[in-house]
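Only the coordinates and a few stated rules stand behind these numbers; no lab work does. Everything numeric in this text was worked out from a predicted model, so none of it was measured. Please note: Cβ atoms are built from the backbone with ideal geometry, for glycine as well, and neighbour counts cover all protein chains shown.
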Amino acid sequence: MGKMKAGQDPSRSESHDQQDNDIAERLSHIQHKILVMSGKGGVGKSSVASYLSVSLARRGFKVGLMDVDLHGPSIPHILGISGRLQADAATKKASPFQFLPNLEVVSIKMLLGEKDAAVVWRGPLKGGVIRQFISDIQWDDLDYLIIDSPPGTGDEPLTVAQTIPDSEALIVTTPQEVALADVRKSINFCRQVNMDILGMVENMNGLQCPHCGKIIDVFQTFGGELTAEREHLTLLASLPLDPEVVKESDHGDVKFLEDPDRPITHEFNKMVDKVISLHDTADATAMETVA
């Protein structure tokens, strides 16, 4: 073991300090970092993270998608990825899975030998894996890193907030009150850890009847809009419930994003436009400040 530096925390090792340096260096090559989170499960958070990543990549941005939902990784399933990560023996670093020419993906599911293997880890181990997903992965220079977090405000989103201090939250909810109550906890979490909130996405907002075309309010209406207004947040989108997208997601199919006539595609594209516009404005303001 090497000598401890003067003033160094004795609980920290030199390897940990080196990892901090590796993380900082890697993050300096990533322009925008978006943490997709939700207050509760089953609201379509991973789907939003996946489709946002694919949409940004298809518009020419260089995108990384990092799945830190360690106990329930669903990104590979949604995108139809069955490959595993390959490590470089010389650098001892792994390369992300190349899903599209402009989209790289990393998930714990790509490291496990069995697809149904359970991850039985406590907080410190989970935090360590998330840090390794940044320091030990050979990410390209990226315009966007989209991070899919598990539901709630536990170890994983806290590790992201601490490790990536300039990350922004994109919070996904459904319109009913039971989901919105948990969303408010996510909003408070972001404010407590000083994480900027990019905006909210309301998912499953109405179902179009396949027979008459009438919109059926499966849940209450305007719940996400009212919450966003009350919390002074941007509502990025209200996405309709589309049973065909659910089926396509089960088969790892993202072709609906290419069909502009589908209501969900139209709304999702508007959301992507808003995300890009918000960052264009922020980038322009930052450049003016520097000048």
From the helices alone, meaning DSSP H stretches of at least four residues, give me the mean residue ellipticity at 222 nm for the chain, per-run term -39500 (n - 2.57), in deg cm²/dmol to the nearest 500. -12500 deg cm²/dmol
ILE215-LYS270 pseudo-label distance in nm [points 7 Å out on the Cα-to-Cβ vector]: 0.9 nm
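Please find the FRET efficiency linking SER15 to ALA286, where r is the Cβ-Cβ separation and R0 is fixed at 45 Å, and quote it to the nearest 0.05.
Details: r = 34 Å, r/R0 = 0.75.
For SER15 and ALA286, the calculated efficiency is 0.85.
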For the pair LYS93/ASN194, report the inter-label distance in nm, with labels modelled 7 Å from Cα in the Cβ direction. 2.8 nm
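By the scheme Lys and Arg +1, Asp and Glu -1, what is the net charge of all other residues having a beta-carbon under 12 Å from that of ALA49? Working shown, then result.
Working: positive: LYS45; negative: ASP67, ASP69, ASP148.
So the environment of ALA49 carries a net charge of -2.
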The chain: longest stretch without exposed trypsin sites (Lys or Arg not before Pro) (DSSP loop, at most 15 other Cβ within 10 Å), sites themselves excluded? 123-213
Cut-off under 5 Å, modelled amide H: who pairs with LYS33 long-range: LEU145, GLU168
Return the whole-Å distance between the Cα centroid of the range 235-291 and the Cα centroid of the range 146-201. 18 Å
Taking a ≥ b ≥ c as the square roots of the eigenvalues of the Cα gyration tensor of the range 54-114, is the shape rounded (a/c under 1.5), prolate (a/b larger than b/c) or oblate? oblate
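Determine Rg/Rh for the chain; Rg is computed over alpha-carbon atoms and Rh is the Kirkwood hydrodynamic estimate from the same atoms. Mind showing how you got there, number by number?
Values: Rg = 19.5 Å, Rh = 20.0 Å.
A ratio of 0.98.
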The range 25-290, relative contact order [Cα under 8 Å, separation at least 6], %: 24 percent
Share antiparallel - DSSP beta bridges, the range 25-290, percent rounded to 5: 20 percent
